[in-house]
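As structure tokens, the structure follows; a few thoughts come after it.
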Amino acid sequence: MNGTSTRLSINTGTIRINLGSGVDYREGYFNIDSNPDAKTDFCINFLQIDRIFQPATVSEILMLHSLNYLNLWQARDLFAKAHRLLKPGGKLVIETVNLENAIQKILSSIGNFDEYLEGVRALHAFGVDQLQRKEVYTPNAFSWTRWHLTGELNNAGFGSVQILPAQTHVPWRDMRIEAHKNQGST
């Protein structure tokens, strides 16, 4: 489906969004990505999700390693839109690289090229296979720490923000944030 301004008229049931789905198509979610080669339900820019979904109708927004491709101002806009789209009690789940962990890896790996490269890869989002093939890749646009991401989500109106161990990708490097919209929020 293309990114038209037609909104879904679904106001009941559970609406869950997998934002930045890429190759991770998930059943039970509306899978959204801006890459036309990705398997999606909607191929649109992240910042257009409010053109599809009504305010206060979404139960969950999942972003697994997609937040880091947004600039800071884009992320702030997205957090505000996510807060408006979520139902009271709804949650935004983010997994992304923790900048502090990547920096620690880099600093502790001086003299060990392979370990050093792992830390650098965390910052720039490229695979070893891409490096070997000399393949062009899209680097991260912004990096996050726990305290900064928590602060931005609080500023967007999220009341409860939890920092949890990552459940996907690379546990030493990544973090999981679950932000909940307060029950009384509109």
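By the gyration tensor of its Cα atoms, with a ≥ b ≥ c the square roots of the eigenvalues, what is the shape of the range 37-118: rounded for a/c under 1.5, prolate for a/b over b/c, or oblate? Prolate shape, in that a/c is at least 1.5 and a/b is the bigger ratio.
Please state the relative contact order of the chain as a whole percent: Cα pairs under 8 Å, 6+ residues apart?
Working: 363 pairs, mean separation 37.5, N = 186.
Reported as a whole number, the value is 20 percent.
Result for the chain in a Gaussian network model with C-alpha springs under 10 Å: among 86, 72, 107, the largest mean-square fluctuation is at 107.
Treating only the Cβ atoms of Lys and Arg (+1) and Asp and Glu (-1) as charged, compute the dipole magnitude of the chain about its Cα centre; round to the nearest 20 debye.
On the way: 18 positive and 18 negative charges, 112 e Å.
Charge dipole, the chain, about its Cα centre: 540 debye, nearest 20.
Hey, what D do you get for the chain in µm²/s if you plug the Kirkwood alpha-carbon radius into Stokes-Einstein at 37 °C and 0.692 mPa s? Spell out each step's value before the answer.
Values: Rh = 17.2 Å.
The estimated diffusion coefficient comes to 191 µm²/s.
Within the straight-line cut-off of under 15 Å between alpha carbons, the aspartates and glutamates reachable from residue 105 are 114, 115, 118, 174, sequence neighbours fewer than 8 places apart in one chain being disregarded.
Mean-square fluctuations from a GNM of the chain, with a 10 angstrom spring cutoff on Cα atoms, peak among 66, 108, 21 at 108.
Which percent of the accessible heavy-atom area of the range 1-152 goes to carbon and sulfur, probe 1.4 angstrom? Show your work: numbers first, answer last.
Working: 4020 of 7740 Å².
Carbon-and-sulfur percentage of accessible area, whole number: 52.
In the full protein context, the chain carries 51 Å² of accessible surface per residue, based on a 1.4 Å probe and ignoring ligands, DNA and RNA.
The lysines whose alpha-carbon is closer than 26 Å to the alpha-carbon of residue 81, local same-chain residues fewer than 8 away aside, are 39, 91, 181. Were the residues from residue 112 through residue 73 laid out at 0.36 nm apart, the gain over their Cα-Cα distance would be 10.5 nm.
The values are calculated or read from the model by the stated rules, or taken from the named source; none is laboratory data. Note that the structure is predicted; figures quoted are calculated from it, not measured. Note: ideal-geometry Cβ built from the backbone for every residue, glycine included; neighbour counts use all protein chains shown. Ligands, DNA and RNA are excluded from the accessible area calculation, which covers all protein heavy atoms including side chains. Shrake-Rupley method; radii C 1.70, N 1.55, O 1.52, S 1.80 Å.
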